[in-house]
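The block underneath contains the structure these notes are about, expressed in structure tokens.
The values are calculated or read from the model by the stated rules, or taken from the named source; none is laboratory data. These numbers come from a predicted model, not from an experiment. When we count neighbours, we look across all protein chains shown, and the Cβ atoms used for this are built from the backbone with ideal geometry, even at glycine.
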Amino acid sequence: MKTASSAGGLDVKTLITTGVFTALYFVLLAVGGIAGILNPLMMFIGPLISILISGPVIILFLRKVRAPWALAIMGFLIGLLIFMGGHIWYTIIVATLTGLLGDLIARAGKYRNRALNVLAYAVFSLWNITPLTPILYDTDNFLQHITESLGADFAQQMGQIFTPAGMLLFAACVFASSLVSGWVGALIVEKHFKTN
């Protein structure tokens, strides 16, 4: 049976599979998003939780689909959904680009190399920083929006957490969490899932 990767492109089955994995990934992202409204610190920790539980899903996706552009398509769809949820528009661009970079990394190992797949997931996960980036350059408007939706105390604490240094720490934690989750995910997939 011909796979998408052996065919050298995307087919209908691959696109459907990409849609299914995107939906599952989005549900896991929602776990962190819901946790984030509990308190400002969870705005930092919540996405990391999502990243930690999503590793096996993305690694299985890479191993199963093995099609050029599939991770970029997932990134585009996730970025679109995040934008529709009220976040900054360029999340679509960043998520697509990190998906494309991740795809290029995984493709270098023909989607079978554990280390490259893990690195691909870590690079892809960096899009998670994007929804919070307006706090760096449009601080007053961003925190005003938070004040209107979650209260003044919540907004004040967010401003104290997501300083430029806080955002750098957040980015480092996103990348490190992705590497750990991706590696564990790869071990799980290799042990429990049969991929061609």
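Just a few scattered comments:
- Those residues of the range 60-69 which are part of a helix (DSSP H, G or I) and either of a type in the set (A, V, I, L, M) or without any contact (Cβ under 8 Å) to a residue 40 or more places away in the chain (or both), in sequence order: Leu60, Leu62, Val65
- Residue check, Val57 of a type outside the set (Asp, Glu), over 17 Å from Gly99 (Cα atoms), in a helix (DSSP H, G or I) and modelled with pLDDT of 95 or more: no
- Filter result (crowded, with 19+ Cβ neighbours inside 10 Å, closer than 8 Å to Thr130 by Cβ and hydrophobic (A, V, I, L, M, F, W, C)) within the range 83-99: Val94, Ala95
- Tally, over the range 127-183, of residues that are surrounded by 14 or more Cβ atoms within 10 Å (Cβ to Cβ) and among the charged types (D, E, K, R): 0
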